[in-house]
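Colleague: Supplied in structure tokens, the structure appears directly below.
The values are calculated or read from the model by the stated rules, or taken from the named source; none is laboratory data. Predicted, not measured: the structure shown is a model, and the values here were computed from it. All Cβ positions, even for glycine, are placed from backbone atoms using ideal geometry, and neighbour counts span all protein chains on display. In case anyone asks, the SASA skips ligands and DNA or RNA and just uses the protein heavy atoms, side chains included. Shrake-Rupley method; radii C 1.70, N 1.55, O 1.52, S 1.80 Å.
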Amino acid sequence: DVATPGPSGEFSGVAAVVPAREVRALVDAGVSATSRLPGSRTGLLIQIRLATPIVQPGALFIQAPVGFRAYDPVRCEMEPWPGMPAWETSAAIGSAYCFWEKSLLTVRPSVNAPIPAGLLRFRVEAVNPENVTAATRLFEDCDAEASNSTCWFFGSYNVSYVEPPLTSISLGVPLLDKSQTILGMPVATESEWMGMLNYEPEGRDDRPLRRNTLAFVLRLAEGEDSDFAGPNASKPTKLTRGFLELSAPVGFEFDQRCFAFVETRRSSIFGSYEYYAVKDWGLSNWELDANVLDCEGRGQTALLSIDAGLLAHRTYAFTIQVQNPEVATSVMNWTMSFHQYFSRPFASFPLWTFTQMSVSPLAFSAGPSCY
């Protein structure tokens with residue numbers, strides 16, 4: 001701002017806005033997975049925002065936690081995120097290529113198409129580590145040594161190859177952008193039963209773009225009360241407070257504040273059918289102290305904060321409201337996780353839409369036709 005006194009003593013001035021140079025740092029890094037089961041194939045959904053374009057011989061290096069490896073040792077393919085349009089072969093990311101060495105993923109640009117600055121999102125197939133990661137690592141702080149934890153290290157360098165494992169001090173060459181290290185999700189134990197119930201609660205509506213109330217079920221482990229009792233207790237040990245994550249297929253949308261749309265009372269969910277719900281599915285009432293404390297919707301994912309009190313071997317049901325997609329995608333699977341338990345992907349419901357439609361004329365000649 002520049003201000004000068006006028007004839008009458010008042011100040012007048014001019015102002016200008018000058019854009020600041022972008023800080024040369026990698027930001028907005030993120031990693032999620034379609035499966036967190038040990039040793040299983042998973043689709044890694046990776047994103048990172050570049051401040052500096054990457055040209056050959058430079059490359060983007062992503063150091064995964066130890067144990068991750070390529071699904072196909074010979075071929076590495078990057079694909080758009082689910083629901084995003086296919087890349088043009090002439091596009092920079094469409095012509096880039098990748099390869100794995102141990103748990104290090106390298107992304108290189110083609111000779112004539114540098115990877116531009118901006119948000120980069122892609123999916124790549126991988127295999128999860130064989131061992132279940134300790135639950136305490138969910139809340140650890142990430143440091144440069146990503147290879148010894150559940151952390152992921154992102155770095156862009158003006159070199160085409162580095163020796164894994166990669167950390168922020170691995171190279172003696174300047175970074176293109178300051179590196180970023182983030183906490184990833186740990187590998188989990190497969191749950192006994194998590195899925196969508198074949199039941200239509202009040203508010204069920206499977207039409208496109210309608211708000212829909214769906215019923216889900218969870219049982220973490222097999223067993224009886226005695227199997228989960230503590231060493232000096234006759235009652236089973238209750239689960240501690242935790243977060244239940246429910247991930248829908250692309251196109252579904254949870255309310256950002258979804259707490260009001262969650263129901264856990266068995267009698268309210270099933271009404272006059274409660275007897276059959278207990279008989280057919282073995283559903284238990286939610287423990288009185290295991291309250292849903294909050295629900296946060298993040299697009300196609302809902303995160304429920306649940307207080308301590310649930311039992312791992314009992315079967316619980318709950319409902320939640322979500323908005324249906326306009327059209328169904330090629331992959332219509334849900335996943336659910338709670339504590340260190342993860343579900344196998346389970347199928348969604350069919351949208352109430354016409355499919356496989358076609359129109360065939362009775363005559364192909366030009367002009368009016370008689371029948």
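Colleague: For region 338-362, what are the residues that are under 24 Å from residue 209 (Cβ atoms), open to solvent by less than 50 Å² (accessible area, probe 1.4 Å) and not hydrophobic (A, V, I, L, M, F, W, C)?
Modeller: The one that is under 24 Å from residue 209 (Cβ atoms), open to solvent by less than 50 Å² (accessible area, probe 1.4 Å) and not hydrophobic (A, V, I, L, M, F, W, C): 348.
Colleague: Here is a check on your reading of the model: is residue 280 open to solvent by 90 Å² or more (accessible area, probe 1.4 Å) and not β-branched (Val, Ile, Thr)?
Modeller: yes
Colleague: Hey, another quick one. What number of residues in region 63-92 are within 19 Å of residue 26 (Cβ to Cβ) and surrounded by fewer than 18 Cβ atoms within 10 Å (Cβ to Cβ)?
Modeller: Total meeting the criteria: 1.
Colleague: So residue 73 passes all but one of these: (1) under 22 Å from the mean Cα position of the chain (by Cα); (2) closer than 24 Å to residue 164 by Cβ. Which condition number does it fail?
Modeller: (1)
Colleague: Same structure again: Just to check your reading of the model, which residue among 306, 320 is surrounded by 16 or more Cβ atoms within 10 Å (Cβ to Cβ) and closer than 17 Å to residue 252 by Cα?
Modeller: 320
Colleague: Another question, if that's okay. I want to confirm something. Restricting to region 179-201 and keeping residues that are in a strand (DSSP E or B) and polar (S, T, N, Q), which single residue is surrounded by the most Cβ atoms within 10 Å (Cβ to Cβ)?
Modeller: 179
Colleague: From (1) at pLDDT below 95; (2) more than 16 Å from the chain's Cα centre (by Cα); (3) of a type in the set (A, V, I, L, M); (4) within 29 Å of residue 209 (Cα to Cα), pick out the condition that doesn't hold for residue 312.
Modeller: (4)
Here's the yes/no breakdown for (1) open to solvent by less than 30 Å² (accessible area, probe 1.4 Å); (2) under 20 Å from residue 190 (Cα atoms); (3) part of a loop (DSSP other than H, G, I, E, B):
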residue: 42; (1), (2), (3): yes, yes, no
residue: 56; (1), (2), (3): no, no, yes
residue: 61; (1), (2), (3): yes, no, no
residue: 100; (1), (2), (3): no, no, no
residue: 119; (1), (2), (3): no, no, no
residue: 123; (1), (2), (3): no, no, no
residue: 130; (1), (2), (3): no, yes, yes
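Colleague: Moving on to the next point. Of the residues 305, 267, which is touching an Asp or Glu at 6+ places or on another chain (Cβ under 7 Å), modelled with pLDDT of 95 or more and not in a strand (DSSP E or B)?
Modeller: 267
Colleague: For residue 333, work out the one condition from (1) closer than 27 Å to residue 282 by Cα; (2) touching a strand residue (DSSP E or B) at 6+ places or on another chain (Cβ under 8 Å); (3) open to solvent by less than 50 Å² (accessible area, probe 1.4 Å) it doesn't fulfil.
Modeller: (3)
Colleague: Further question: Can you work out which of the residues in region 202-246 that are of a type in the set (Gly, Ala, Ser), in a strand (DSSP E or B) and at pLDDT below 95 is most open to solvent (accessible area, probe 1.4 Å)?
Modeller: 229
Colleague: Can we say residue 85 is within 16 Å of residue 152 (Cβ to Cβ) and assigned to a loop (DSSP other than H, G, I, E, B)?
Modeller: Judged against the criteria, residue 85 is not a match.
Colleague: Could you please let me know if residue 262 is under 23 Å from residue 347 (Cα atoms), among the β-branched types (Val, Ile, Thr), surrounded by fewer than 19 Cβ atoms within 10 Å (Cβ to Cβ) and touching a Cys at 6+ places or on another chain (Cβ under 9 Å)?
Modeller: Here the answer is yes, as residue 262 does meet what is asked.
Colleague: OK, next. Out of all the residues in region 247-259, which are assigned to a loop (DSSP other than H, G, I, E, B) and crowded, with 16+ Cβ neighbours inside 10 Å?
Modeller: The answer is 248, 249, 250, 251, 252, 254, 255, 258.
Colleague: Continuing with the same structure: Going through 325, 368 one at a time, which residue ends up being open to solvent by 70 Å² or more (accessible area, probe 1.4 Å), in a loop (DSSP other than H, G, I, E, B) and not β-branched (Val, Ile, Thr)?
Modeller: Answer to the selection: 368.
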